[in-house]
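**Student:** Sharing a structure, written as structure tokens. Questions coming.
The values are calculated or read from the model by the stated rules, or taken from the named source; none is laboratory data. This is a predicted model, so every value here is computed, not measured. Quick reminder, even Gly has a Cβ in these numbers, built from the backbone with ideal geometry, and neighbours come from all protein chains shown. With ligands, DNA and RNA removed, areas are computed over all heavy atoms of the protein, side chains included. Shrake-Rupley method; radii C 1.70, N 1.55, O 1.52, S 1.80 Å.
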Amino acid sequence: MLWTATGVAVIGFLVALEIAARHYGLPGPITNQAQEVIFGPRSGPLLYGGLALMMVVLTWRQRLIALGTAIGIDAVFCLVRLVVDARPNFGNGALWVILGCAVIAVTRRTGRERALLLKGVGLGLLLVAGHKTGDTWLLITSKTRPAVLDPYVATADHALGNPSWVVGRMVEATGPVGAHTLHIVYGQLPLAAAIFGLYQLRNVAVERRFPRHHLVRTFLVIGLLGPAIYMLFPVVGPVFAYGTGAFGTGGQQWAIADLWPHTPPPIALHSISFDEITPRNCMPSLHTAWATSLFIHSRKGPRVLRYTGTFWLIATLTATLGFGYHYGADLIAGVVFALTIEAAMRAIARGWDRQATQLVAYGTAVFAALLVSYRYLPLEMAKHPGVFGPVLLLAMASVVYGYVRTTKLWEPKAAPVQQPELQPEPA
């Protein structure tokens with residue numbers, strides 16, 4: 001019943017976004033996904049990540065057949081595109097195999113096996129659909145929010161020492177090598193989530209069931225709820241609002257001035273009009289939220305995954321600031337947002353209790369307080385950075401502490417080892 005209700009809700013949400021996109025004369029997530037059955041996909045690695053997630057329900061023999069079929073189909077598509085002088089994108093084969101498994105589940109499977117295969121198909125398609133949905137959400141924010149609140153957040157960011165300007169100069173000093181590396185990490189975050197999810201779901205084929213909680217669930221919920229905050233607090237980011245940018249991007253004629261990353265922004269409290277192209281996708285930083293959830297779920301893995309999760313978090317935070325995509329205030333809000341959603345998802349999986357309710361309520365309250373302070377107290381924050389800077393960091397740290405303390409209580413207690421009783425020696 002839960003999976004059915006979730007499926008119906010997701011389909012309804014995608015249809016609503018499709019209608020909204022059509023209202024602005026552009027294709028929505030359903031159309032974009034359907035086009036990739038034939039036309040060149042925008043993200044081949046993401047489609048193969050979705051295929052990998054789907055294959056967790058298959059046996060090793062079935063996985064080899066599915067992967068070989070996907071590669072073979074892609075090879076045919078690439079040959080045809082070379083003949084017609086089109087760009088040789090890949091990924092169609094992965095989508096074909098996912099859809100083919102859905103057909104097999106309906107026509108050739110029954111009972112629990114059908115449900116399990118359909119869950120795998122749904123998980124793979126959700127990873128891809130989540131990316132398409134995000135693109136449509138960004139379009140809607142740019143079309144429906146003509147004014148942005150960047151001066152408010154930039155002013156509030158004085159309390160944190162304008163970290164985007166500081167890290168922007170650092171990344172600029174590393175040259176093209178550092179920038180290219182960070183671009184790869186920043187752009188392939190969904191693929192990293194798929195890899196971490198594969199580790200957590202590695203036993204599904206043997207146990208014939210999914211674990212109650214895993215990274216992909218949190219990842220998708222963050223992407224679903226985050227854009228709603230974009231609509232409430234539209235912000236484009238320092239590289240767009242305050243300059244052309246060190247890497248050839250920026251708001252250009254829409255920017256307030258060419259200040260980023262060498263000149264700190266002025267203290268000003270007013271909204272500004274912006275173009276109908278740039279997404280208003282700063283508050284909160286969803287890349288920070290996703291990287292935080294990735295870090296959290298990597299803690300239970302082997303050493304290589306723990307190191308990778310730590311690296312991905314640090315590199316993502318560096319990229320979000322260093323490329324001028326986010327302010328420091330966005331990152332603090334993103335961490336609180338991620339921990340609150342992660343706590344709620346864990347509570348749903350294990351059952352709500354008093355500690356879960358208190359943690360989620362507290363995280364929600366802190367997140368709301370951050371948004372209100374950025375909007376209505378930025379001038380005071382800029383005038384008293386020695387007070388408000390530590391307060392912002394302590395607010396985030398309190399949510400981190402609450403999450404760690406509460407989730408430790410949820411961990412199963414190890415049974416004490418019974419010590420053998422000493423027997424008296426015979427006289």
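**Student:** Between Y307 and Q62, how many nm apart are label points set 7 Å from Cα along the C-beta direction?
**Tutor:** That separation, rounded to one decimal, is 3.5 nm.
**Student:** At a threshold of 8 angstrom on Cα-Cα distance, excluding pairs fewer than six apart, so keeping six or more, what relative contact order does the stretch 62-122 reach in percent?
**Tutor:** The normalised contact order for the stretch 62-122 reaches 28 percent.
**Student:** Then there is this: Would you please state which residues of the stretch 366-386 a label at Y401 would reach in this model, taking the label point 7 Å out along Cα→Cβ and a backbone N cut-off of under 16 Å?
**Tutor:** 366
**Student:** With the other protein chains left in place, how much accessible area per residue, in square angstrom, belongs to the chain at a 1.4 angstrom probe?
**Tutor:** Roughly 50 Å² per residue, with all protein chains present.
**Student:** On the accessible surface of the stretch 1-56, probed at 1.4 Å, how many percent belong to carbon and sulfur atoms?
**Tutor:** 75
**Student:** Just to verify a number: what accessible area does F311 come out at with the full protein assembly present, 1.4 Å probe, Å² rounded to tens?
**Tutor:** Near enough 110 Å² of accessible area.
**Student:** Now, a different point. Assign one of three labels to the stretch 1-150, namely rounded, prolate or oblate, based on the Cα gyration tensor with a ≥ b ≥ c the square roots of its eigenvalues; rounded applies when a/c is under 1.5, prolate when it is not and a/b is larger than b/c, and oblate otherwise.
**Tutor:** In terms of gyration-tensor shape, oblate.
**Student:** Ignoring ligands, DNA and RNA, what percent of the accessible area of the stretch 116-182 is carbon or sulfur (1.4 Å)? Walk me through the intermediate numbers first.
**Tutor:** Numbers: 1580 of 2250 Å².
About 70 percent, which is the carbon plus sulfur part of the accessible surface.
**Student:** Give the shape of the stretch 98-185 as rounded, prolate or oblate, defined through the alpha-carbon gyration tensor: a ≥ b ≥ c are the square roots of its eigenvalues, a/c under 1.5 means rounded, and otherwise the shape is prolate if a/b is larger than b/c and oblate if not.
**Tutor:** prolate
**Student:** How much length is gained on full extension from N203 to R109, taking 0.36 nm per residue of separation minus their Cα-Cα distance?
**Tutor:** 31.8 nm
**Student:** For a quick check of understanding: with a 1.4 angstrom probe and all protein chains in place, what accessible area in square angstrom does E380 have, to the nearest ten?
**Tutor:** 80
**Student:** Along the charge dipole of the chain, which of Y48, A102, G322 sits closest to the positive end, that is, farthest toward it, with unit charges on the beta carbon of Lys, Arg, Asp and Glu (+1, +1, -1, -1)?
**Tutor:** About the Cα centre, the residue reaching furthest to the positive side is A102.
**Student:** Can you grab the distance from the C-alpha centre of the stretch 1-63 to the C-alpha centre of the stretch 326-346, Å, no decimals?
**Tutor:** So the two Cα centres are separated by 25 Å.
**Student:** What accessible surface, in Å², does a 1.4 Å probe find on V399, ignoring ligands, DNA and RNA and rounding to the nearest 10?
**Tutor:** 0
**Student:** Rounding to the nearest 20 debye, state how big the charge dipole of the chain is about its Cα centre with +1 on each Lys and Arg Cβ and -1 on each Asp and Glu Cβ. Let's see the in-between values first.
**Tutor:** On the way: 33 positive and 20 negative charges, 276 e Å.
That gives the chain a dipole magnitude of about 1320 debye.
**Student:** Additional query: Return the equivalent ellipsoid semi-axes of the chain as a descending list in whole Å, where each equals the square root of 5 times an eigenvalue of the C-alpha gyration tensor.
**Tutor:** In descending order, the three semi-axes are 37, 32, 20 Å.
**Student:** When the solvent-accessible surface of protein heavy atoms is calculated with a 1.4 angstrom probe, in what order do S285, S271 fall, highest first?
**Tutor:** S271, S285
**Student:** With all protein chains present, how much of the accessible area of the stretch 288-339 (probe radius 1.4 Å) comes from carbon and sulfur, to the nearest whole percent?
**Tutor:** Values: 1180 of 1630 Å².
Percent of accessible area from carbon and sulfur atoms in the stretch 288-339: 72.
**Student:** Give the lysines whose C-alpha is closer than 27 Å to that of K408, dropping any in the same chain fewer than 8 places away, or say none.
**Tutor:** K300
**Student:** Which order do M170, M396 take when ranked by solvent-accessible area (1.4 Å probe, heavy atoms of all protein chains), largest first?
**Tutor:** Ranked list, largest accessible area first: M170, M396.
**Student:** Any aspartates and glutamates with Cα under 18 Å of the K132 Cα? List them, leaving off those in the same chain fewer than 8 positions away.
**Tutor:** E18, E36
**Student:** Calculated from DSSP H runs of 4 or more alone, at -39500 (n - 2.57) each and per residue, what is the 222 nm mean residue ellipticity of the chain, nearest 500?
**Tutor:** -23000 deg cm²/dmol
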